[in-house]
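First up is the structure itself, then whatever we jot down about it.
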Amino acid sequence: MNSKDIILFIKKTFPHKENGIPLHEPIISSLEQKYVQNCLDSTFVSSVGPFVDLVENKISEYCGAKRSVAVVNGTSALHIALESLDVNKGEEVITQSLSFVATSNAINYCGASPIFIDVDLDTMGMSPTALLNFLNLNAEIQNNHCINKLSGKKISACVPMHTFGFPARIDEICSICKNWKIPVIEDAAEAIGSYYKGKHLGTFGDAGIFSFNGNKIITAGGGGAVVTNDSLLADRIKHLTTTAKTVHPYKYHHDQLGYNYRMPNINAALLCAQLENLNKFIEKKRNLAFKYRKFFESTEIDFKWENENSRANFWLNCIQFKSKEERNQFIIESNQQHIGIRPAWELLHTLPMYKDCMKDSQKNALFLQERIVNIPSSAINA
Ligand SMILES: *Cc1c(COP(=O)(O)O)cnc(C)c1O
């Protein structure tokens with residue numbers, strides 16, 4: 001199987017795209033137009049309006065979470081979740097190096113440093129085995145907190161990420177963290193519509209976050225949300241994301257340092273329609289994934305699939321080449337043909353701002369980083 005055959009198959013799968021095939025594009029129907037038009041007609045396009053409440057209710061209901069708070073993007077959702085779970089300056093937060101930069105940046109915004117734990121080869125999410133190894137080797141419990149014996153710092157949270165919408169072994173991760181007194185915030189930015197053992201991702205940990213950026217499975221233009229089953233935590237997050245203003249008909253009193261992270265009503269209107277269409281998108285994306293799987297079955301290329309116990313949203317389909325050289329050849333050729341492919345992110349522990357952070361071997365992350373590519377994944381009629 002050479003790159004040309006794969007490219008030919010992708011082109012056949014996405015006909016009517018003579019000027020190039022995007023990696024992922026949003027689908028905007030008349031429902032989106034209707035809700036956004038309603039919002040425009042109401043003139044409530046900004047920080048107050050009924051679509052924000054509507055969206056928060058829809059997200060909670062969809063995920064089976066008690067509460068959700070809609071915010072301006074996934075990065076701010078992560079930041080506010082970390083801050084609300086009491087991650088402070090000079091502390092450490094466990095996460096994975098195979099992720100989008102926002103995961104570590106949000107930790108950094110709190111003044112904390114990431115610790116990078118390796119991923120599993122199959123899920124591409126944080127490896128519970130690697131997590132437990134790290135903690136057994138380097139951590140101890142003091143006064144009901146987890147302390148890194150090497151740095152002397154408190155490990156104040158763990159942020160596993162569900163890569164491309166594939167569920168990580170999140171129940172094992174949560175049970176390890178529970179034993180070690182570490183709160184879990186799931187970076188489910190890519191994973192709305194994905195389930196592990198029948199339970200929606202983002203609802204296993206103390207909090208979970210989603211992104212509704214334009215390239216994600218559903219979009220608000222830009223947006224994000226925090227979900228949690230802890231009502232007090234949700235209240236704290238709502239307060240912090242709305243400038244920490246106390247409730248009063250006209251007085252502007254703010255009782256702590258807050259943020260302007262609230263999702264504008266016009267973005268919520270768009271997201272409202274997208275949420276109503278989400279299950280339709282997922283059905284189409286699963287059909288496309290089945291089609292890809294069948295094609296790659298007869299090749300030596302590994303088409304990433306959901307584990308048993310998992311149901312993935314197939315946000316971005318992912319293939320794994322035998323070698324870096326074959327992978328690079330495919331990247332070059334598909335780029336020339338204007339096919340939207342994407343290699344994995346550069347591992348976060350190699351970026352200038354994170355190069356001195358603590359990490360384990362990163363064996364699997366390095367292996368995957370050199371071999372995987374995302375291929376066109378828009379919700380089409382495959
Ligand atoms: C998209 C994404 C984010 C950030 O979301 P934005 O809405 O772009 O701020 C965070 N983490 C991961 C893994 C993402 O893919």
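Bear in mind these aren't lab numbers, they're just calculated from the coordinates by the rules spelled out. These numbers were taken from a predicted model, which means no experiment stands behind them. Note that we place each Cβ from the backbone using ideal geometry, even for glycine, and neighbour counts take in every protein chain shown.
Under 10 Å from the Cβ of residue 210, count the other residues' Cβ atoms, weight Lys and Arg +1, Asp and Glu -1, and hand me the total.
So the surrounding residues net to -2.
Shape verdict for region 1-93, please, from the Cα gyration tensor: rounded (a/c under 1.5), prolate (a/b greater than b/c) or oblate.
In terms of gyration-tensor shape, oblate.
Explain nothing, just the number: dipole magnitude of the chain about its Cα centre with +1 on each Lys and Arg Cβ and -1 on each Asp and Glu Cβ, in debye rounded to the nearest 20.
The dipole of the chain has a size of about 340 debye.
What are the ³J(HN,Hα) values, in whole Hz, obtained from phi via the Karplus relation 6.51 cos²θ - 1.76 cosθ + 1.60 with θ = phi - 60°, for each residue of region 324-337 in sequence order, with x given for Gly and Pro?
With coefficients 6.51, -1.76 and 1.60, one gets 4, 4, 5, 4, 5, 4, 5, 4, 5, 5, 6, 4, 4, 8 Hz.
Are there any trypsin sites (Lys or Arg not before Pro) in region 50-99 that are in a DSSP loop and have at most 11 other Cβ atoms within 10 Å? List them by number.
Qualifying residues, ordered by number: 89.
For region 1-145, give the magnitude of the charge dipole about the Cα centre (Cβ charges: +1 Lys/Arg, -1 Asp/Glu; no others), in debye to the nearest 20.
For this selection, approximately 480 debye.
Mind checking which of 273, 375, 309 is farthest towards the positive end of the chain's charge dipole, using Cβ charges of +1 (Lys, Arg) and -1 (Asp, Glu) about the Cα centre?
273
For the chain, modelled as a Gaussian network with Cα springs under 10 Å, which listed residue fluctuates most, 60, 104, 231?
231
Using a cut-off of 12 Å between beta-carbons, work out the net charge of the residues near residue 233 (Lys and Arg +1, Asp and Glu -1, residue 233 not included).
Spelling it out: positives minus negatives among the neighbours equals -1.
Can you work out the FRET efficiency for the pair residue 381 and residue 19, with r the C-beta to C-beta distance and R0 = 22 Å, to the nearest 0.05?
0.65
Let me have the 222 nm mean residue ellipticity of the chain computed from DSSP H runs of 4+ only, each contributing -39500 (n - 2.57), with the sum over all residues rounded to the nearest 500.
-12000 deg cm²/dmol
Give the shape of the chain as rounded, prolate or oblate, defined through the alpha-carbon gyration tensor: a ≥ b ≥ c are the square roots of its eigenvalues, a/c under 1.5 means rounded, and otherwise the shape is prolate if a/b is larger than b/c and oblate if not.
The shape class here is oblate.
I'd like to compare 334-342, 41-49, 247-255, 7-15: which one has the highest average count of other Cβ atoms within 10 Å, and what's the full order after that?
Result, highest mean first: 334-342, 7-15, 41-49, 247-255.
What ³J(HN,Hα) values, in whole Hz, does the Karplus curve 6.51 cos²θ - 1.76 cosθ + 1.60 give for region 191-199 when θ = phi - 60°, with x put for Gly and Pro?
Each residue of region 191-199 in turn: 10, 5, x, 10, 10, 10, 6, x, 10 Hz.
What does the charge add up to near residue 296, with Lys and Arg as +1, Asp and Glu as -1, over the other residues with Cβ less than 13 Å from its Cβ?
+1
Which cross-chain or sequence-distant (5 or more) residues have an amide H under 5 Å from the amide H of residue 339, H modelled 1.01 Å from N in plane?
21
For a quick protection proxy, order the peptides 285-291, 76-82 by their average other-Cβ count within 10 Å, most packed first.
With the highest mean Cβ count within 10 Å placed first, the list reads 76-82, 285-291.
Quote to one decimal, in nm, the extra length available between residue 47 and residue 101 on full extension: 0.36 nm per residue of separation minus the C-alpha distance between them.
Stretched fully, the residue 47-residue 101 segment lengthens by 16.7 nm.
Quick one: what are the phi-derived ³J(HN,Hα) couplings along region 59-65, Karplus 6.51/-1.76/1.60 with θ = phi - 60°, whole Hz, x for glycine and proline?
Each residue's phi maps through the Karplus curve to give 5, 4, 5, 4, 8, x, 9 Hz.
Which percentage, to the nearest 5, of the DSSP beta bridges contained in the chain is antiparallel?
Once the DSSP bridges in the chain are tallied, antiparallel ones form about 65 percent.
What full-extension length gain, to one decimal in nm, is calculated for residue 133 and residue 33 as 0.36 nm per residue of separation minus the Cα-Cα distance?
Length gained, residue 133 through residue 33: 30.9 nm.
What FRET efficiency do you get for residue 141 and residue 172 if R0 is 30 Å and r is their Cβ-Cβ distance, rounded to the nearest 0.05?
The value I calculate is 0.95.
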